[in-house]
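Every number in this text was worked out from the coordinates using simple rules, so none of it is lab data. None of these values were measured; they are calculated from a predicted model. Cβ placement follows ideal geometry from the backbone for every residue including glycine, while neighbour counts extend to all protein chains displayed.
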Amino acid sequence: MFRNNHFKRYEEIPGGWNFVFVGNDNAPKSHCSNDYGVHYTTSDTTPRIAEKPYIAHDYSDNSKFDLVIPQMEWNSQGQSYHQHEVVIPFDNVFVAIETNTAAEINAKLDSGLHVVLQPGIYNLTEPIVVKNDNTTILGIGLATLITTTADPCIIV
């Protein structure tokens, strides 16, 4: 599976493989017959994509970080250099640890903060509830949410 790459040229890899190309520059044309060995499924553009949020160092102040949220892109082709992204200073982000309760996390979300969940096992006695539009919750490492009730872990 290749998505949103730029190939200067693509050389066929011999063998009985199935390849999928979505939104790649210079990808081979689709064909699914047995005549030429390799099977390709090609879509010229990626219909809809949103890359994952990530944390970046704020180079204007060595002690600060930002939460970077790439925005949705439609009908993209080739590499994207995140031309459309929202940068959230960490002053607007709550960094949760596994001992934080869902009630504590919900209070931070209700106050308009975004949430980064550090690695850990979060045993939730109630759901995390996202009420505000354009709110990001980013789990880094192995942030594992476990419900201790029959409720879902997150409600949006």
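Need the list of aspartates and glutamates near Lys108 for cross-linking: C-alpha distance under 13 angstrom, and skip anything on the same chain fewer than eight residues off. Lys108 reaches Asp91. Which listed residue (Asn18, Gly112, Ile128) has the Cα farthest towards the positive end of the charge dipole for region 8-156, taking +1 on Lys and Arg C-beta and -1 on Asp and Glu C-beta about the Cα centre? My answer, from the dipole projection, is Asn18.
With an 8 Å cut-off on Cα pairs and a minimum separation of 6 or more residues, tell me the relative contact order of the chain in percent.
Working: 333 pairs, mean separation 23.2, N = 156.
It rounds to 15 percent for the chain.
Nearest 500 deg cm²/dmol is fine: what mean residue ellipticity at 222 nm does the chain get from its DSSP H runs of n ≥ 4 alone, each adding -39,500 (n - 2.57), divided by its residue count? Walk me through the numbers on the way to the answer.
Values: 1 runs with 9 residues, N = 156.
Rounded to the nearest 500, the figure is -1500 deg cm²/dmol.
Residue-wise HN-Hα couplings along region 140-156, as the Karplus relation 6.51 cos²θ - 1.76 cosθ + 1.60 with θ = phi - 60° gives them from phi, are 10, x, 10, 7, 10, 9, 10, 7, 9, 10, 8, 6, x, 6, 9, 10, 10 Hz; Gly and Pro carry x. Amide hydrogen proximity for Leu145: with H placed 1.01 Å from N in the peptide plane, the residues at 5 or more positions away or on another chain lying under 5 Å are Tyr122. Applied to region 108-115, the Karplus parametrisation 6.51 cos²θ - 1.76 cosθ + 1.60 on θ = phi - 60° returns per-residue 3J(HN,Hα) values of 5, 4, 4, 7, x, 7, 8, 10 Hz, with x for Gly and Pro. With 23 Å as the cut-off, how large is the P(r) tail for region 42-156, expressed as percent of Cα-Cα pairs? So the portion of pairs separated by more than 23 Å is 39 percent. Close amide-amide hydrogen proximity is noted between Leu138 and Val115, Val116, Leu117, each under 5 Å apart and 5 or more residues distant or on a separate chain (H modeled in the peptide plane; Pro and chain starts excluded).
Under 5 Å between amide hydrogens, built in the peptide plane, is the criterion, and for Phe65 it picks out Asp58, Phe90 among residues at least 5 positions away or on other chains.
Across the options Phe65, Gln77, Phe94, the greatest Cα extent toward the positive end of the charge dipole of region 52-128 (unit charges at beta carbon of Lys, Arg, Asp, Glu) belongs to Gln77.
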